[in-house]
Structure formats: structure tokens, C-alpha cells
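Novice: Below is the structure I would like to discuss, written out as C-alpha cells.
The values are calculated or read from the model by the stated rules, or taken from the named source; none is laboratory data. These numbers come from a predicted model, not from an experiment. Here the Cβ is made from the backbone with ideal geometry for all residues, glycine too, and neighbour counts use every protein chain on show. Each accessible area value is taken on the protein alone, full model and side chains, heavy atoms only, with ligands, DNA and RNA left out. Shrake-Rupley method; radii C 1.70, N 1.55, O 1.52, S 1.80 Å.
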Amino acid sequence: MTETLVRKGVRRFRAAGIAAVVAGTVMLTATGTAAAVEKNLTYKGGFPIIGDQKVAVVVKAEIPATAKAGEPISVPFTLDVDSGQAAGDGLRLVGAKKLSGTISSKVNIALGEQKVSIPIELPIPDTEVPAEGSLKFTATGKVDFTIPAGTPAGEATSSVDAAATSHIVTDSSLGEFDVNLTLDPPDQDAVLGKTTVS
């Protein structure tokens, strides 16, 4: 969570993180206290007709303070995506009235020498294209994940991946398209939080 439109060129709007996009965002939500996180990130992606555009994504999630290896974790998260005025204008230009789709990204978790990427795919609900202004939507979901048994104890750092893809489905002549997004600028702080694994 983000990702803005125009056929194959338009095939790059999964953002949400992203998002992501990313999107993204998976925080080990297990036992113990969880810390609410809200991360503001900006992505850039090429859209059909309107070309490269900035996409703003707010990642919201709860990062557990602790988690146990071998036990399942369920992490709810939300991506608020603002694709901008040009994306809204582009969809309105082709007569789009609504959109839906998915946002795909990853959350990268580092624990000592070990690193793992957790894939995320969030549904974009049916969203009305506004009569004017910026195109915005919210993707909400969760990721179920199990920290592998035998993982050494320590502090795990979760970060949003730099890439996200939005798959957009419209009711216009554009049909379906993807928007591939990357963090822009690339040096943004994408860390979501830290979890103590035991």
C-alpha cells in the first residue's frame, strides 16, 4: 500500500507499495504489545498517457514488540494511496467511473545475518473515480506468517520494500493495467519497526 492509468502503459499502478506499495507492510504481529506505525512514503511510476507520476502512500500497521519462532503471526495493515490529480484526470478522460484491483509488494525482515522477504497482496475495493481532484483509494488486508522454528533469538527489523505494483481494473476502454512503482527518492526511511524474537 500504492499506487495512474492508460492501458499497457497504464499497466503500472499496483501500488500502492504501493506497494506499494508498497506496498507494503507486514509487521510480525504476534504475542505481546504491538506498536501502531504510520509511515509516509512517496513512489514514482510510469502511467499510460500521463507518463511518470508521484504516488503518495501511507502505510499503517501494528508491529508486535515480541514474537516467538515457530508460532503463526497475523498482521493487519492498511495502505492509503493518493495517486494524484493527473491520475484522476486520466481516468476521467477515458470515461472511467470506478476501479478495483490489487496492490503487491513485500516487507523485508532482517534478523542478524538472516533476511527474509514476505510477499504482500492487498485488495483494492471498488472505488468511485471522483468527478474532480486526486485519485485516492485504500487497500486493507492482513498477512499470515510463521517465523521459522529454530530462528535465533534477537531483534528483527521490518522494512517496506522499495518496489510495489498496482494492478488496476477499470470500467473504461483502458480495461486492466499495471503500474510498477519504486520509492522516490530511494533513500527514504522505510523501516516499520523492530520486534524481539524469542
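Novice: I'm checking my understanding of the structure. Among residues of the range 168-182 that are over 22 Å from the mean Cα position of the chain (by Cα) and open to solvent by 40 Å² or more (accessible area, probe 1.4 Å), which one is nearest to Pro123 (Cα to Cα)?
Specialist: Going through the qualifying residues, I end up with Asp171.
Novice: For the range 146-167, what are the residues that are aliphatic (A, V, I, L, M) and open to solvent by 30 Å² or more (accessible area, probe 1.4 Å)?
Specialist: Once the filter is applied, which keeps residues that are aliphatic (A, V, I, L, M) and open to solvent by 30 Å² or more (accessible area, probe 1.4 Å), the range 146-167 yields Ala149, Ala153, Ala162, Ala163.
Novice: For Gly84, work out the one condition from (1) touching a helix residue (DSSP H, G or I) at 6+ places or on another chain (Cβ under 8 Å); (2) under 19 Å from Lys44 (Cα atoms) it doesn't fulfil.
Specialist: In the conditions (1) touching a helix residue (DSSP H, G or I) at 6+ places or on another chain (Cβ under 8 Å); (2) under 19 Å from Lys44 (Cα atoms), Gly84 misses (1) alone.
Novice: Here's something else I'd like to know. Could you tell me which numbered condition Thr78 fails, if it satisfies all but one of (1) modelled with pLDDT of 85 or more; (2) open to solvent by 70 Å² or more (accessible area, probe 1.4 Å)?
Specialist: Every condition holds for Thr78 apart from (2).
Novice: Related question: Which of the residues that make up the range 32-75 are open to solvent by less than 40 Å² (accessible area, probe 1.4 Å), among the β-branched types (Val, Ile, Thr) and either in contact with a helix residue (DSSP H, G or I) (Cβ under 9 Å, 6 or more places away or on another chain) or at pLDDT 85 or above (or both)?
Specialist: Passing the criteria: Val37, Val55, Val57, Val58, Val59.
Novice: Another one. Please verify whether Ile109 is aliphatic (A, V, I, L, M) and more than 13 Å from Thr140 (Cα to Cα), treating the condition exactly as stated.
Specialist: Criteria met by Ile109.
Novice: Cβ-Cβ under 7 Å, sequence separation 6+ or interchain: first residue in the range 101-117 and under 30 Å from Glu128 (Cβ atoms), partner among the aliphatic types (A, V, I, L, M) and surrounded by fewer than 22 Cβ atoms within 10 Å (Cβ to Cβ). Which pairs?
Specialist: Taking only residues 6 or more apart or on different chains, the pairs are Gly101/Val169; Lys106/Ile118; Val107/Ile118.
Novice: Out of the residues in the range 102-120 that are closer than 27 Å to Ser198 by Cα and either modelled with pLDDT of 95 or more or of a type in the set (Lys, Arg) (or both), which is least open to solvent (accessible area, probe 1.4 Å)?
Specialist: Applying the filter and picking the extreme gives Lys106.
Novice: Next question. Out of the range 121-140, which residues are surrounded by 15 or more Cβ atoms within 10 Å (Cβ to Cβ) and either at pLDDT below 90 or outside any strand (DSSP E or B) (or both)?
Specialist: Val129, Ser134
Novice: Out of everything in the range 141-165 that is assigned to a loop (DSSP other than H, G, I, E, B) and hydrophobic (A, V, I, L, M, F, W, C), what residue ends up being nearest to Pro185 (Cα to Cα)?
Specialist: The extreme case among them is Ala162.
Novice: I've got another one for you. Among the residues that make up the range 10-23, is at least one of them under 13 Å from the mean Cα position of the chain (by Cα), open to solvent by 10 Å² or more (accessible area, probe 1.4 Å), of a type outside the set (A, V, I, L, M, F, W, C) and modelled with pLDDT of 85 or more?
Specialist: No, the range 10-23 has no match at all.
Novice: For the range 81-94, what are the residues that are open to solvent by 10 Å² or more (accessible area, probe 1.4 Å) and either within 15 Å of Thr195 (Cα to Cα) or over 19 Å from the mean Cα position of the chain (by Cα) (or both)?
Specialist: Across the range 81-94, the qualifying residues are Gln85, Ala86, Asp89, Arg92, Leu93, Val94.
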